[in-house]
């Protein structure tokens, strides 16, 4: 299924020249975002099946809690990569659902998605962003470490999940109006 991208007011992240995609800043509830999250769930959930139910994990965020969802579209309009900026309680912000379709990996799209969301956060005056991944996602942890993220103890709402692996990253000050940090 393809979806035409909605024009974005935010800046487009830089990409490797061999990756023919367009980036759009959209809503969490956009059909392309939902499609990519469903693909991510289908890939990730089996990795954690042996751990059984994890009722202490939070439900997915509501659309109103998401400041922006960046989505990369191919020329024909196929959504291939995404990442979102989620407002947490206590003036904290986290990056959610960094995902690239399997057939588009290895082209710098995850790095570009992270950069886009980090830039959106910095524009809002956020000084530190958080993210959560899991013990069964070593490729994600390697990406975050490579992109300057550092490990932190699991933060709420993941504090009680023994399989969560959490990261933080300080952002450069840009003079935005809102401030946010987990410190």
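Read-outs throughout are calculated quantities, based only on the coordinates presented, and are distinct from any laboratory measurement. Remember, it's a predicted structure, so these values are computed and weren't measured experimentally. Here the Cβ positions follow ideal geometry from the backbone for every residue, glycine too, while neighbour counts run over all protein chains shown.
Table for the structure above
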read-out: Computed label-point distance, nm, for sites residue 29 and residue 56 using a 7 Å Cα→Cβ extension; value: 3.2 nm
read-out: Cα-only radius of gyration and Dmax that characterise segment 45-183, units Å; value: 15.0, 46
read-out: Residue-span extension gain [residue 173 to residue 103] - 0.36 nm each, minus C-alpha spacing; value: 21.6 nm
read-out: Using alpha carbons only: equivalent-ellipsoid semi-axes of segment 21-125, gyration tensor based, whole Å; value: 21, 20, 12
